Amino acid sequence: MTKYYSKKIMEHFMNPKNLGKLNNADGIGTTENLRCGDAMKIYIKVEKGKIKGIKFETLGCGHAIAISDMICELAKGKKIDEAKQIKFETVVKEAGEVPKPKLHCVSLAEVALQSAIKDYEEKRKS
């Protein structure tokens, strides 16, 4: 089990800092993988162009939950333009060892975050 779940993945899975729903979110991003059943939702609260609040709800394996928490940590406090730069490679580097069969969790988290940012930007236009 320890080889499959790195120490960092286990820490974020067992003690997620950003788990839950963010009421009155400025942007909400969702994604799912129909093949494995993972589903992610990321909520962001933006103040003065920065992500001041971020939460996630994830239905999935330990890697999906841990990586959702990690991407929230990466985005927290960032300007929107900086958060847009958080991509697959950024998350993999932060996560460390992610087994090949679990790399789709990283893709899902990236899509959920970018979707939340897009939702925020679209709401600001209208």
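Computed from the coordinates by the stated procedures, all read-outs in this text should not be read as laboratory data. A quick note: this is a predicted structure, and the numbers were derived from the prediction, not measured. Ideal geometry is used to build each Cβ from the backbone, glycine not excepted, and the neighbour counts take in all protein chains shown.
Here are a few things to note about the model shown:
- Each residue of the stretch 91-107 is assigned a 3J(HN,Hα), and the resulting list reads 6, 4, 4, 5, 6, x, 6, 10, x, 3, x, 10, 5, 5, 5, 5, 4 Hz, derived from the Karplus form 6.51 cos²θ - 1.76 cosθ + 1.60 (θ = phi - 60°), x at Gly and Pro.
- The stretch 63-73 - phi-based ³J(HN,Hα) in whole Hz, Karplus 6.51/-1.76/1.60, Gly and Pro as x: 5, 4, 5, 4, 6, 4, 5, 4, 5, 5, 4
- Cα→Cβ-extended label distance, 7 Å offset, between PHE88 and SER126, nm: 3.1 nm
- Shape of the stretch 10-59, Cα gyration tensor, a/c cut at 1.5: oblate
- With Rh defined as the Kirkwood radius, the inverse of the mean 1/r over Cα pairs, the Rg/Rh of the chain is 0.96.
- Full-stretch length increase - LYS100, ASP81 - with 0.36 nm per residue and alpha-carbon distance subtracted: 3.9 nm
- The phi-based Karplus calculation (6.51 cos²θ - 1.76 cosθ + 1.60; θ = phi - 60°) puts the 3J(HN,Hα) values of the stretch 11-22 at 4, 6, 6, 6, 9, x, 8, 10, 6, x, 9, 9 Hz, whole numbers, x for Gly and Pro.
- Put simply, the amide H of TYR4, placed in the peptide plane, has no neighbours under 5 Å, leaving out anything fewer than 5 places away on its chain.
- In a reduced charge model with +1 at each Lys and Arg Cβ and -1 at each Asp and Glu Cβ, the stretch 7-125 shows a dipole moment near 280 debye about its Cα centre.
- Packing-based ranking, highest mean first, of 107-119, 71-83 given that Cβ atoms within 10 Å are counted: 107-119, 71-83
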